[in-house]
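Please treat every number below as a calculation from the coordinates, not as lab data. Computed from a predicted model, the values in this text were never measured in an experiment. Here Cβ is always computed from backbone atoms with ideal geometry, including for glycine, and neighbour counts include all displayed protein chains.
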Ligand code: TIU
């Protein structure tokens with residue numbers, strides 16, 4: 001068991017029963033010409049966390065731990081995309097329509113892939129999710145249970161939309177969740193801050209939060225003492 005300095009108090013992390021979940025680090029949210037940009041957002045804020053997410057991935061990969069990547073992705077026939085989701089907002093190009101990187105938020109399109117720097121490697125789980133949360137219509141809960149995973153460490157984008165929704169879904173299913181604060185980002189700075197406060201308030205009503213340095217220090221301290 002690792003003890004990680006975190007808010008609102010130390011997070012106890014059972015190494016073998018913990019998975020890293022990297023939410024939606026896709027070109028569609030992070031690069032110009034994707035879905036995030038079509039909604040009018042400044043995507044450069046999200047690109048800035050790629051190196052930190054890379055270091056977090058390395059921490060788990062070097063130790064052979066479970067790594068899960070999610071992608072917000074719809075079937076090419078859009079049968080898993082509610083019309084309300086397509087209609088929402090004032091996007092210049094809508095979900096399912098052709099953009100510079102292919103059809104927005106559609107499985108298999110160039111823009112729907114995880115950014116090259118964080119691409120999944122052999123053996124890692126890649127979960128295509130039609131919703132904002134990672135549990136809706138994905139079967140991932142059953143897979144996690146079969147693997148004996150009880151603790152989830154979260155990173156990715158965006159903090160208040162797909163990351164927070166996934167953490168809340170995980171919370172309701174009994175997982176102990178830790179958010180890595182410098183490995184997540186929002187198009188809106190105050191939403192990121194507010195989300196971290198919401199998660200950790202009231203004694204960790206949704207979970208815990210900590211920077212990558214504290215998580216890395218906890219791994220290293222255990223390995224030195226082992
Ligand atoms: N728009 C926005 O902030 N997020 C999403 O639409 N999806 C995810 O957060 N992945």
> Arranged from highest to lowest average of other beta-carbon atoms within 10 Å per residue, in what order do the peptides 181-192, 28-39 appear?
Replying inline: 28-39, 181-192
>> For the chain, set up a GNM with springs between Cα atoms under 10 Å and report which of 131, 40, 207 has the largest fluctuation.
In response: 40
> Peptides 150-162, 4-16: what's the order by average Cβ count within 10 Å, highest mean first?
Replying inline: 150-162, 4-16
>> Over the Cα atoms of region 138-226, what radius of gyration and what Dmax do you get, in Å?
In response: 13.9, 42
> Once fully extended, how much extra length lies between residue 65 and residue 138, figured as 0.36 nm per residue of separation less the alpha-carbon to alpha-carbon distance?
Replying inline: 24.2 nm
> Any idea what log10 I(q)/I(0) is at q = 0.08, 0.11, 0.15, 0.16 Å⁻¹ for the chain, Debye with uniform C-alpha scatterers and no solvent?
Replying inline: -0.27, -0.51, -0.96, -1.09
> Cα convex hull of region 3-82: how many Å³ per residue?
Replying inline: 165
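Expressed as a rounded percentage, what relative contact order does region 93-226 have, with Cα pairs under 8 Å and six or more residues apart?
Computed over region 93-226, the figure is 15 percent.
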> Gap in Å between the Cα centre of region 169-226 and the Cα centre of region 67-133?
Replying inline: 25
>> Let me check against my output: what whole-number percent is the relative contact order of the chain, with C-alpha pairs under 8 Å and at least 6 apart?
In response: 26
>> Given all pairs of different Cα atoms, what value in angstroms does the Kirkwood hydrodynamic radius of region 1-44 take?
In response: 13.2
>> Could you work out how much longer the chain between residue 44 and residue 58 gets when fully extended? Use 0.36 nm per residue separation minus the Cα distance between them, nm to one decimal.
In response: 2.7 nm
> Gain in length, residue 98 to residue 145, computed as 0.36 nm per residue apart minus the alpha-carbon separation, to one decimal in nm?
Replying inline: 13.2 nm
> Relative to the first principal axis of the alpha-carbon coordinates of the chain, what is the inclination of helix 189-204, with its axis defined by its Cα atoms, in degrees from 0 to 90 and to the nearest 10?
Replying inline: 40
>> Using Cα springs under 10 Å in a Gaussian network model of the chain, which residue among 106, 163, 140 shows the largest mean-square fluctuation?
In response: 140
